[in-house]
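No lab work stands behind these numbers, since they all come straight from the coordinates. Note that the coordinates shown come from a computational prediction; the quantities given were computed from them, not determined experimentally. Cβ: placed from backbone, ideal geometry, glycine included. Neighbour counts: every protein chain shown.
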Amino acid sequence: MPEPARIGLLGRGTVGSAFHDLLAERAGAVEAASGHRPEISGVLRRDQGDFERILAGSDLIVELIGGLEPAREYVLAALRAGKPVVTANKQLVAQHGDELFAAAREAGVQLRFEASVAGAVPVIRVVQESLGTIELERISGIVNGTTNFILSEMTSTGASYGDALARAQELGYAEADPTDDVNGADAAAKMAILARLAFHTSVHLDDVSYEGITEIRPDDIAYARELGLSLKLLGIAERREGGISVRVFPCFLLSGHPLAPIEGSFNAITVEAPAITEITMSGPGAGGIETASAVLSDVVSILAGEAPVHSPGRSLEILHDLDSSFYLHLEVADRPGVLASIAEVLGRNGLSVRSVVQRGTGSEARLVMVTHPAPESDFYAALDEISELDFLRAAPRAIRVIEEEYR
Ligand SMILES: NC(=O)c1ccc[n+]([C@@H]2O[C@H](COP(=O)([O-])OP(=O)(O)OC[C@H]3O[C@@H](n4cnc5c(N)ncnc54)[C@H](OP(=O)(O)O)[C@@H]3O)[C@@H](O)[C@H]2O)c1
């Protein structure tokens, strides 16, 4: 008779309910894979269950409450009691990772969090385990399905940001309050987690600089399409001279980039290193059953005794002022000398221009240019100066461009 595995389930909402059902449905497969017969030993909800009692009666805790408290308190208590924990809670891991991993190490128990990044896509396992001993150079990710859906909708239909967001809400791809998705904060939390694993260093959500997609206009996308570029909200964690950088921002990609074809609410992650060239994984990034399947895979790994390495590792510096190329969109009065004045400001700030498109619109003109890579601080200094020029008719718009070619 196989040993039972008593699972304490904290939270039975969208993911918790799907996990509860999936576990019942797949109990035989879990038993075959792990040698343990899983059973739910208790369920905690706002008005159901008692945490201390559930903890005492469980071999493993699954945290699907979300948010920081009381999830943090419960996860720490479980780890300190020597019980392994599975969580889908990106905010918890991104903001309290150091404390949680230290507690797991001290107690010699596992903390697994596959479902916290990219839902059903097994990116944590790949980065932490399959590629755990490879020196990774960069992880680029579309890790927020809501924003990828909105940008895809704007690209395919020419819809405004507001209309595309309304469509995403109608179809259930965006929450009633989409703030954390559209401003980049959700993606930033996921990139903090991936960067920690990729570079074996402490990374907190506060280390991640992020921008969202609320200022994107359909004509930015239309111009870029003419240049063969597609727009994505990307998270990029990369090794640079002197440290690492972790950022989230909307950017244009060349058509050969592995993340350029990812459409709709899908997530996708590209991992790069000399030893592996490039690996891209994609799939559904959210949803009850999809997320529950990632939670279940973590449960099976723990029951089967597979131990991931939680390397305390090193403490790498987080860099912020990197070189980037920019797409710059300017609406100006159509009169002589405008282009020369802009070129003078750019040149004085050490920026050179790769391409310029100029279109007349009556008494006004639209200038769209792409700059060569330069320190972002220089670009933004130039942008501040350009904003003050008297012939400017609207605030300038700038979006990064990833220029690397992939085969
Ligand atoms: N939904 C997704 O597609 C998705 C995808 C990836 C990751 N995640 C992550 O999965 C986790 C759960 O998300 P969800 O969408 O399933 O959330 P949810 O539907 O809001 O469910 C939350 C559950 O936690 C319970 N809960 C909330 N506060 C509690 C408290 N103070 N004490 C005890 N129980 C409490 C709720 O109780 P009641 O039932 O009493 O309300 C509910 O059962 C979050 O960390 C989320 O970020 C979700």
Which aspartates and glutamates, on any chain, are close to Lys83 with Cα under 13 Å apart, when same-chain ones fewer than 8 places away are left out? Glu52, Asp59, Glu63, Glu106
Per the C-alpha gyration tensor (a ≥ b ≥ c, the square roots of its eigenvalues), the chain is rounded if a/c is under 1.5, else prolate if a/b beats b/c, else oblate; here it's prolate
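Tell me whether the stretch 4-45 comes out rounded, prolate or oblate; compute the Cα gyration tensor, take square roots of the eigenvalues as a ≥ b ≥ c, and use a/c under 1.5 as the rounded threshold.
Oblate is the answer for the stretch 4-45, as a/c is 1.5 or above yet b/c matches or exceeds a/b.
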Where the centre of each part is set by its Cα atoms, how far does the stretch 3-53 sit from the stretch 143-216, in angstrom? 30 Å
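Of Ser245, Ser315, how do they rank once you tally other Cβ atoms within 10 Å and put the fewest first?
Ser315, Ser245
Tell me the GluC sites (Glu not before Pro) within the stretch 50-149 that lie in a loop according to DSSP and have at most 15 other beta-carbon atoms within 10 Å. Present the calculation step by step, with values, prior to reporting the outcome.
Numbers: sites: Glu52, Glu63, Glu73, Glu99, Glu106, Glu114, Glu129, Glu135, Glu137; in loops: Glu135, Glu137.
Counting only loop positions with at most 15 other Cβ atoms within 10 Å, the GluC sites (Glu not before Pro) in the stretch 50-149 are Glu135.
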Counting only backbone N atoms under 20 Å from a point 7 Å out along Cα-to-Cβ of Glu39, the residues of the stretch 56-85 in range are 56-62, 83-84
Net charge within 12 Å of Arg348 by Cβ-Cβ distance, Lys/Arg positive one each and Asp/Glu negative one each, not counting Arg348 itself? -3
For the stretch 258-407, just say rounded, prolate or oblate: build the C-alpha gyration tensor, square-root its eigenvalues into a ≥ b ≥ c, call rounded for a/c under 1.5, and beyond that prolate if a/b exceeds b/c, oblate if not. prolate
Sort out for me the Cα centre separation of the stretch 257-296 from the stretch 333-407, rounded to whole Å. 34 Å
Between Ser377 and Asp50, what is the label-to-label distance in nm when each label sits 7 Å out along the Cα-to-Cβ direction? 5.8 nm
